[in-house]
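Below is one structure; the comments refer to it alone.
The values are calculated or read from the model by the stated rules, or taken from the named source; none is laboratory data. Everything quoted here is computed from the prediction, not taken from an experiment. Every residue, glycine as well, gets a Cβ built from its backbone with ideal geometry; the counts of neighbours run over all protein chains shown.
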Amino acid sequence: MLLNLASNLIQASTSVATINDPLVYKKMSGITRFIYEYFASVDANGMVNYTIPGYITLLVIFALSALVFKLGFARELPLMKNIIIYTFLFVGCIVLTLFALYLPMIEGLIVAALILIIYKTRLWREKREQATGK
């Protein structure tokens, strides 16, 4: 039903040419399509506004990228270096957001985060067992 409603809104709107094209819309990846379906709004002129779904997609990608970076690569650094690193990570996430329309970027980041969470949990458990076992 939600997909039907979103497709009707998309067909009736002419605000964003790339999203309004049914072929483009059908090629979107799963989570990104869900975000664009659920969070799209209709303005007073009856046009669909995709600004909020774009920002939500960007924030989701940035949050997942920051989590993957923190779990897999981050070291203890001074505050200014962390600010610089996360600023460049945010700029890179803008590019990933453009790729997320057609590629499963969010899904890939979720899988990477899950793998790193499992790895860190097992590493923490092994360190704890070694510390109590000595």
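For the condition charged (D, E, K, R), modelled with pLDDT of 90 or more and out of contact with any helix residue (DSSP H, G or I) (no Cβ under 8 Å at 6 or more places or on another chain), what is the one hit in K26, K70?
K70
Filter segment 57-91 down to residues that are buried (at least 16 other Cβ atoms within 10 Å of the Cβ) and within 11 Å of the chain's Cα centre (by Cα) and give me whichever is nearest to K26 (Cα to Cα).
Going through the qualifying residues, I end up with T57.
Checking the structure you have, find out if any residue of segment 92-113 is farther than 28 Å from K26 by Cβ and either at pLDDT below 90 or surrounded by 12 or more Cβ atoms within 10 Å (Cβ to Cβ) (or both).
No; the residues of segment 92-113 include none that is farther than 28 Å from K26 by Cβ and either at pLDDT below 90 or surrounded by 12 or more Cβ atoms within 10 Å (Cβ to Cβ) (or both).
Which residues, counting only those in segment 58-101, are more than 27 Å from T121 (Cβ to Cβ) and in contact (Cβ under 8 Å) with a residue 40 or more places away in the chain?
Within segment 58-101, T97, A100, L101 qualify.
Could you check R33 against (1) surrounded by 12 or more Cβ atoms within 10 Å (Cβ to Cβ); (2) modelled with pLDDT under 85 and say which number it fails?
Only one criterion in (1) surrounded by 12 or more Cβ atoms within 10 Å (Cβ to Cβ); (2) modelled with pLDDT under 85 is unmet by R33, namely (2).
How many of the residues making up segment 34-89 are among the aromatic types (F, W, Y), part of a loop (DSSP other than H, G, I, E, B) and over 22 Å from V111 (Cβ atoms)?
Here the count works out to 1.
Within segment 47-54, is even one residue exposed (fewer than 15 other Cβ atoms within 10 Å of the Cβ) and either in contact with a helix residue (DSSP H, G or I) (Cβ under 6 Å, 6 or more places away or on another chain) or modelled with pLDDT under 95 (or both)?
yes
Restricting to segment 115-134, what's the tally of residues that are under 30 Å from S29 (Cβ atoms) and either loosely packed, with under 12 Cβ neighbours inside 10 Å or touching a Cys at 6+ places or on another chain (Cβ under 8 Å) (or both)?
3
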